[in-house]
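Data block below; observations after.
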Amino acid sequence: MKKLFILFFLGFVAQGFAQQSLLKPNEFLGYELGERFTRHHRVVEYFQHVAGTIPNVELYKYGETYEYRPLVYAVITSPENMQNLEQIRLDNLRRTGMESGTPSTKIPIVWLSYNVHGNEASSLEACMQTLYELADPANATSENWLKNTVVIIDPCINPDGRDRYANFYNSFGNSPANPSPDAREHREYWPGGRSNHYWFDLNRDWAWLTQKESQQRIKVYNQWLPHVHVDFHEQGYNNPYYFAPAVEPYHEVITPWQREFQGIIGKNHAKYFDRHGWLYFTKEVFDLYYPSYGDTYPTYNGAIGMTYEQAGGGFAGLSITTREGDPLTLADRLLHHHTTGMSTVEITSIHAQRVLDEFEKYFRESNNSPSSPYKTYVIKGDNQQDKIQRLTTWMDAHNIKYGHPAAGRSTRGFDFSTQTTQTVNVSADDIIINIYQPKSKFVTTLFEPQSKLPDSMTYDITAWNLMYAYGLKGFALNERINVGKAFQLKEVTQTPVTTKPYAYVFRYQSLADVKFLGALLNNGVNVRAAMKPFKVNGESFDAGSIIVTQRNNESIPDFDQRIQAFAREHKRNWFAATTGFVDSGKDFGSGYVRYIKAPRIAALVGEQTSSLSAGATWHFFEQELQYPITQIGTDYFRSVNLQSYDVLLVPEGRYRMFDEETMKSVQEWVSRGGRLILVSGALNAFADKSGIALKRYATDEAKKEAEKKEKEEQAKDVLLPYDAADRNAISQSISGAIYKVTLDKSHPLAFGLGDSYYTLKTNELHFAYLQQGWNVGVIKGKAKPVQGFAGYKINKKMDNSFVFGVEDKGRGAIVYFVDDPLFRNFWESGKMLFANAVFMIQ
């Protein structure tokens, strides 16, 4: 491991004098913990003070947020262990097989992560007290624990969200605090402090790594791979405290020991909570299934991963009255989190040898005898290379091992394209990921064709398979195929231009191609796109291919050099066409070779929009495409001149703003050439409205029949037992299931998607096929998820349903997405779909 940058202070100067001894948090801050919300920089300063005062505490900076706040973690252990810290870290990686050699130390590592949700604010206060108690030389109890334990504390995973919340409360809080839930101080304004700068939920991003904070944290997490990991949260203020063990479903890769130790830890916490008479619950609500949480990601990487949930959340403020009439204060909340944090360190120390033995066993089995039935995953080498590069880059970030087989062979396996078992011809260019490696169980959870779901009552989505997410041709094999040679991405080779071309042609098959298109448009290059496949100078191109002609670009100095330089910068192959007279298809001057105007994009944000969906849109354009958008608030939308924009993005949300007058003005803007893009819940505001083609039912008769069936179902439900209500409810819900979509590849909305598309359905919306428009993506016939859970009642409503398409309206168009293509920004093929709506629908 490269030497970490240490924020280690030999002497910390604060308030004008040098601190020579360890200060308690209240002594350092000047107020008691729980009296106010501490801003992030003051917490970092306290950590610096402790690290600068106590020799067996070190502080490391591992990154910074989008708003430039530092991301840090502290390491606390005994002075003897601190002298041997690098050896302890490397020995731990040797246990996993990620480093060679035999471990010589036997020290478990506990990692405590705080404040991933910025407005779940008590944990950041608690971590200061926990750090003090562990670092205090006078604390003989913690001193004893640290003799055989290393503790890592990440005080704040989400500093940007944390300070957003702290600033809100410090601005609106009453003095003294008003405990009434009606008080303004309990009502955060949009988007709230839960999310990061781009309004992402970082607790859903551990696996996907779409955000800067996640990328930096996972890099250092995998340099340690702790034995125990705790993610501190808050829940509704009327729910007391949750700690492990978790509720079913547990993913089947979770080992008996990982289950057992959750119970051991939970009983230790209960000992302290019982002593104080504090309320708590276990084995409810919070499961271990979705792989991108702060409890499941560590679990699938060998740790005992847990979530602790304290009553509170952004609603609680400094004090709030619960439904029982009890006051719940910030001081109460941080004390509970401090208690479970210390209890976790204690019980790990007590069971240190068993924790180490089971950890080593976990990885020994992963490397030598993994139990999952699918032993090897094959990604075909002829997949689009940009998609392969994005996936391999992602795997590198997680230290997943992969490569090429030594030679080709024929076998049988599950085909992700057809969902059937068939003959598979593995070639030497294919990519092999076998599960005989440290990341075995993590790989299984992400690539297995079906994940066993022990209980359909889940907390999050139940499907996320990366073959479908990336739109890749691939297979799952029951046999082991070893990596024979290192992976090598096919190089981009740009053919020298010897004759001045008539036009440059670029393929349009990936998000990298979209980014390149955006760069051309941003730099004033006039671009065309082929609406139909064509062949020129003997080379075949798909519809969507980008054509840059000399004509209409005469104003660009050194045109050829500029276009070639752009292509090199973006690693794009060019084809220099010597003529616009094609061998087949449409000539370059045809109306089917459409001029692509650089779109001026507006995106709705603010109240009524989902901050998660709005943030995903913002991040997608700003960070991934690096293409400008203008965010427009819902509160002043009516005063905006839409003629200044070509595209209006309306993210997921619950909209009240589209009244009759606003709806009329938006439709008129569309008719004059605007493009309206509606996502998920936004469709509800437009469906069945005058002048809109989108309908929930194709005919009045179909609507009446559906309503009749609904009443019949409701009549049956009248006699349901009380304890069957939850189970009945999930029969009408979809827990993030993947469906195969029938695709009209000829439509511009589908350009670059390939032969098939899989949609991640995270809602129960269903609409009839467009009677006036283009049904580009639909579910034909009986609906059945290829992966994930969908209740049988709602699944019937997905039969013959609309997924995405376009309604032409005057000179403009409305694009409908029933499912959010940018959901959590990990559904890679959805990004291409969304980009097409912006750039190709003109």
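Side notes on the structure shown:
- Ala529 passes every criterion in (1) at pLDDT 95 or above; (2) open to solvent by 30 Å² or more (accessible area, probe 1.4 Å) apart from (2).
- Of the strands (runs of 3 or more DSSP E) lying entirely inside the stretch 511-617, the ones with 1 or more residues being touching a residue at least 24 places away in the same chain (Cβ under 8 Å) and in contact with a Pro (Cβ under 7 Å, 6 or more places away or on another chain) are found at 539-541, 575-577, 601-605.
- In the stretch 566-584 there is at least one residue matching the filter, namely being basic (Lys, Arg), farther than 20 Å from Pro821 by Cα and open to solvent by less than 50 Å² (accessible area, probe 1.4 Å).
- Any chance Val110 is within 19 Å of Glu45 (Cα to Cα) and crowded, with 21+ Cβ neighbours inside 10 Å: no
- Residue count for the stretch 787-805 satisfying the condition of being in a loop (DSSP other than H, G, I, E, B) and open to solvent by 20 Å² or more (accessible area, probe 1.4 Å): 4.
- Candidates Ala602, Ala598: the one that is more than 22 Å from Trp190 (Cα to Cα), open to solvent by less than 50 Å² (accessible area, probe 1.4 Å) and small (Gly, Ala, Ser) is Ala598.
- Selection over the stretch 645-691 of residues that are open to solvent by 30 Å² or more (accessible area, probe 1.4 Å) and not small (Gly, Ala, Ser) gives a count of 14.
- Residue in the stretch 726-748 that is of a type in the set (A, V, I, L, M) and open to solvent by 40 Å² or more (accessible area, probe 1.4 Å) present: yes
- Per the conditions (1) open to solvent by less than 10 Å² (accessible area, probe 1.4 Å); (2) under 29 Å from Arg364 (Cα atoms); (3) touching a strand residue (DSSP E or B) at 6+ places or on another chain (Cβ under 8 Å); (4) not in a helix (DSSP H, G or I), the sole criterion not satisfied by Gln262 is (4).
- Criterion: touching a Leu at 6+ places or on another chain (Cβ under 8 Å), within 18 Å of Asn81 (Cβ to Cβ) and not polar (S, T, N, Q) - qualifying residue of Val345, Val355: Val345
- Looking across the stretch 470-502, the residues that are open to solvent by 100 Å² or more (accessible area, probe 1.4 Å) and touching a Ser or Thr at 6+ places or on another chain (Cβ under 8 Å) come down to Arg480, Tyr502.
- Thr141 being within 26 Å of the chain's Cα centre (by Cα), more than 21 Å from Tyr60 (Cα to Cα) and among the polar types (S, T, N, Q): no
- Scanning the stretch 500-532 for residues that are over 12 Å from Phe839 (Cα atoms) and touching a Gly at 6+ places or on another chain (Cβ under 6 Å) yields Tyr502, Gln509, Lys532.
- Condition check for Val228: surrounded by fewer than 21 Cβ atoms within 10 Å (Cβ to Cβ) and out of contact with any His (no Cβ under 8 Å at 6 or more places or on another chain): no
- Scanning the stretch 758-777 for residues that are without any contact (Cβ under 8 Å) to a residue 40 or more places away in the chain and either of a type in the set (Phe, Trp, Tyr) or open to solvent by 10 Å² or more (accessible area, probe 1.4 Å) (or both) yields Glu764, Trp774, Asn775.
The values are calculated or read from the model by the stated rules, or taken from the named source; none is laboratory data. Keep in mind it's a predicted model, so treat the numbers as computed, not measured. Glycine also receives a Cβ, built like all others from the backbone with ideal geometry; neighbour counts cover every protein chain displayed. Accessible surface is based on the protein model in full, side chains and every heavy atom, while ligands, DNA and RNA are left aside. Shrake-Rupley method; radii C 1.70, N 1.55, O 1.52, S 1.80 Å.
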